[in-house]
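Accompanying notes for the structure given below.
The values are calculated or read from the model by the stated rules, or taken from the named source; none is laboratory data. Computed from a predicted model, the values in this text were never measured in an experiment. Here Cβ is always computed from backbone atoms with ideal geometry, including for glycine, and neighbour counts include all displayed protein chains.
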Number of protein chains: 2
Amino acid sequence: MSVHFGPVKGVSIGQIFSRRRDLSEAGVHAPLQAGIWGGANDGACSIVLSGGYEDDIDDLDFILYTGHGGQENKKQVADQQFTVGNQGLVLSCELKLPIRVTRGEQIANGPDHGYRYDGLYYVHKYERVKGKSGFYVCRFHLRSQSNIDQLEETLKPNLKTSYERAPRSEVTYEKIKRIRENTKKIKMMYDYKCQVCETKLDVPSGDPISIGAHIKGVGRPSNGPDVVENMLCLCPNHHAQFDRYSFYIDPVTYEIRGLNLYENKKLFTHEKHFIDKQFLKYHFEEYQRRN
Amino acid sequence: MSVHFGPVKGVSIGQIFSRRRDLSEAGVHAPLQAGIWGGANDGACSIVLSGGYEDDIDDLDFILYTGHGGQENKKQVADQQFTVGNQGLVLSCELKLPIRVTRGEQIANGPDHGYRYDGLYYVHKYERVKGKSGFYVCRFHLRSQSNIDQLEETLKPNLKTSYERAPRSEVTYEKIKRIRENTKKIKMMYDYKCQVCETKLDVPSGDPISIGAHIKGVGRPSNGPDVVENMLCLCPNHHAQFDRYSFYIDPVTYEIRGLNLYENKKLFTHEKHFIDKQFLKYHFEEYQRRN
């Protein structure tokens, strides 16, 4: 069966399939064993979560999904690579392709019996990090197209009785207000100039392009605080590279490390901007897991 | 009533309200006349579409929404500014806040009678362009959180009998395959280097960061073709500025115009990359509408 993206006609979110074979015949997930359907040529269109990877995190609407490979007898014994299905998920991230997610009875957020189709998710980030085993694993951050309330409501009839909602920061008015103020504050403080390259990107209408970037991410899984002490004003290029751990900022000297063009340059900082070193330290540690 | 983001408890997508007062009392859209609820301090949390702006485009899942202001007796007689509600929508774009959309009986995609709540949308782009009147209007590109099939299915009982699905390019396997190949092709051709600044942004895992950017956008409303002749390889910074019309590329000489740092520099091009001048011309004309 050729790779097919998006919803499957006649299959609704929350629907139960007794066996992998039924999932396959319905066209939800063709392979009978592999967790990822799709590869380097097509992108990945579907994954099945059925346990077996110690680095997985599953909050129902948010999944930290470990790629495949490097296991023997269900133990991680080698590094994973961005090949086959893992490369498929990379492509799906780059092209913003929807991925069908199915959960099996083996996992906490799965159904009591069989496999449950849980709708479409998007990969918004991928990375290669040292997992619990000490070997490199490919990690994919997936977010549901539905918000958590919708999703719980739809899946409720087929969630395990032991299901517990993961703690998550609700998007409340106060939170939004604070984020807005901090984003604005940091951008204004630096007059929209990047703290790495000191570039200011003007546009014909509206504020210059810049990003109020969190040093320790506020989203899952980092759950950093949304405070100015945890923020930098960056251009999109250096934001993308900071976020992907191409470079770090020395937590003691504020010198930039890992960028040829700005190697050892001191981060441009405003006298009134106190950056909490613990967040730079956290970012540096994550950098080390990837480099 | 203070601005409130996201779904409203007890209100479902497709629900009909007889009058603006009912919408207001339900907490969907508090103002009784204004089309935008929210402003510069809070962001905008809700809009009502009820006609009256000649530059609006409404495809149900995609809306080109004209901001408010500059009208007298329902005619555009002055330029619009990014103030009040318009500034609220800018903020909602920057912070990726969800916006409730309600359609009135006055418009083609509205209900037969009254007002219909159509769920959450996100502003993914905003700009200030010369409208049909010749005056500048603020334009917001909104996309529904739901895909078009879901949305039509949910709203079907309360769509006008004259409702016609807008032509749209379906995300099919073939389309995705082509986009993938072109994106990859253009990035490989330039070895992930930006055609403006010739920067290459390395990352620890995966391909360097670069964007296969369409000169005439493939999405609505431009509907440009997805061909390499309509593409450039750009870094995120210059992609953002190109997309926001901070600069253009002279369709005859390929010289960059509008960027201080690269003014009159010739675009870096590969001998095998044929760029179709008609797309540069289209982009230049759009640049002129904004500058």
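What tally of residues in region A:266-290 results from selecting those that are free of Cβ contacts under 8 Å to residues at least 40 places away in the same chain and more than 28 Å from the chain's Cα centre (by Cα)?
The total comes to 2.
How about region A:42-63: which of its residues are out of contact with any Ser or Thr (no Cβ under 6 Å at 6 or more places or on another chain) and buried (at least 20 other Cβ atoms within 10 Å of the Cβ)?
To start, the set of residues in region A:42-63 that are out of contact with any Ser or Thr (no Cβ under 6 Å at 6 or more places or on another chain) comprises A:42, A:45-47, A:49-52, A:54, A:57-60, A:62-63.
Hits for region A:42-63 are A:D42, A:C45, A:S46, A:I47, A:L49, A:L60, A:I63.
Going by what's in this entry, would A:G212 be described as in a strand (DSSP E or B) and at pLDDT below 95?
On the way: in a strand (DSSP E or B): yes; at pLDDT below 95: yes.
Yes; evaluated as a whole, the condition is true for this residue.
Which is in contact with a strand residue (DSSP E or B) (Cβ under 8 Å, 6 or more places away or on another chain), within 14 Å of another protein chain (Cβ to nearest Cβ) and without any contact (Cβ under 8 Å) to a residue 60 or more places away in the chain, of B:G51, B:G38, B:G67? Spell out the reasoning first.
Values: B:G51 fails: within 14 Å of another protein chain (Cβ to nearest Cβ); B:G67 fails: without any contact (Cβ under 8 Å) to a residue 60 or more places away in the chain.
On inspection, the qualifying residue turns out to be B:G38.
For the list (1) within 24 Å of A:K160 (Cα to Cα); (2) polar (S, T, N, Q); (3) within 14 Å of chain B (Cβ to nearest Cβ); (4) surrounded by fewer than 15 Cβ atoms within 10 Å (Cβ to Cβ), I need the number of the one condition that A:S2 fails.
A:S2 satisfies all of (1) within 24 Å of A:K160 (Cα to Cα); (2) polar (S, T, N, Q); (3) within 14 Å of chain B (Cβ to nearest Cβ); (4) surrounded by fewer than 15 Cβ atoms within 10 Å (Cβ to Cβ) except (1).
Would you pick out the residues in region A:118-170 that are out of contact with any strand residue (DSSP E or B) (no Cβ under 9 Å at 6 or more places or on another chain) and of a type in the set (K, R)?
Residues of region A:118-170 out of contact with any strand residue (DSSP E or B) (no Cβ under 9 Å at 6 or more places or on another chain): A:149, A:152-153, A:156-157, A:160-165, A:167, A:169-170.
Scanning region A:118-170 gives A:K156, A:K160, A:R165.
Please work out which residue is nearest to the other protein chains (Cβ to nearest Cβ), limiting yourself to region A:188-221 and to residues that are surrounded by fewer than 16 Cβ atoms within 10 Å (Cβ to Cβ) and within 20 Å of the chain's Cα centre (by Cα).
It comes out as A:G219.
Of the residues A:N237, A:N230, which single one is at pLDDT 95 or above, at the interface with another protein chain (Cβ under 9 Å from one of its Cβ atoms) and either closer than 30 Å to B:E286 by Cβ or under 22 Å from the mean Cα position of the chain (by Cα) (or both)? Don't jump to the end; show me each part of the working.
On the way: A:N230 fails: at the interface with another protein chain (Cβ under 9 Å from one of its Cβ atoms).
Result of the check over A:N237, A:N230: A:N237.
Would you please name the residue that is surrounded by the most Cβ atoms within 10 Å (Cβ to Cβ), looking only at residues in region B:90-101 that are within 11 Å of chain A (Cβ to nearest Cβ) and touching a residue at least 24 places away in the same chain (Cβ under 8 Å)? Full working, then the answer.
Kept after step one, since they are within 11 Å of chain A (Cβ to nearest Cβ), are these residues of region B:90-101: B:90-98.
Adding the requirement that they be touching a residue at least 24 places away in the same chain (Cβ under 8 Å) leaves B:90-93, B:95-98.
Details: B:V90: 23, B:L91: 22, B:S92: 29, B:C93: 21, B:L95: 16, B:K96: 9, B:L97: 25, B:P98: 19.
It comes out as B:S92.
Name the residues in region B:113-159 that are closer than 21 Å to B:V11 by Cβ and among the charged types (D, E, K, R), would you?
The answer is B:R116, B:D118, B:R143, B:E152, B:E153, B:K156.
Taking the stated definitions as given, is B:K74 within 11 Å of another protein chain (Cβ to nearest Cβ), surrounded by fewer than 18 Cβ atoms within 10 Å (Cβ to Cβ), of a type in the set (D, E, K, R) and without any contact (Cβ under 8 Å) to a residue 24 or more places away in the chain? Give the steps one after another, and end with the answer.
On the way: within 11 Å of another protein chain (Cβ to nearest Cβ): no; surrounded by fewer than 18 Cβ atoms within 10 Å (Cβ to Cβ): yes; of a type in the set (D, E, K, R): yes; without any contact (Cβ under 8 Å) to a residue 24 or more places away in the chain: yes.
No: the conditions fail for B:K74.
Give region B:89-124 a look and list any residue that's outside any loop (DSSP other than H, G, I, E, B) and aliphatic (A, V, I, L, M), or say none.
So in region B:89-124, the residues outside any loop (DSSP other than H, G, I, E, B) come out as B:89-94, B:99-104, B:115-124.
Residues satisfying the conditions are B:L89, B:V90, B:L91, B:I99, B:V101, B:L120, B:V123.
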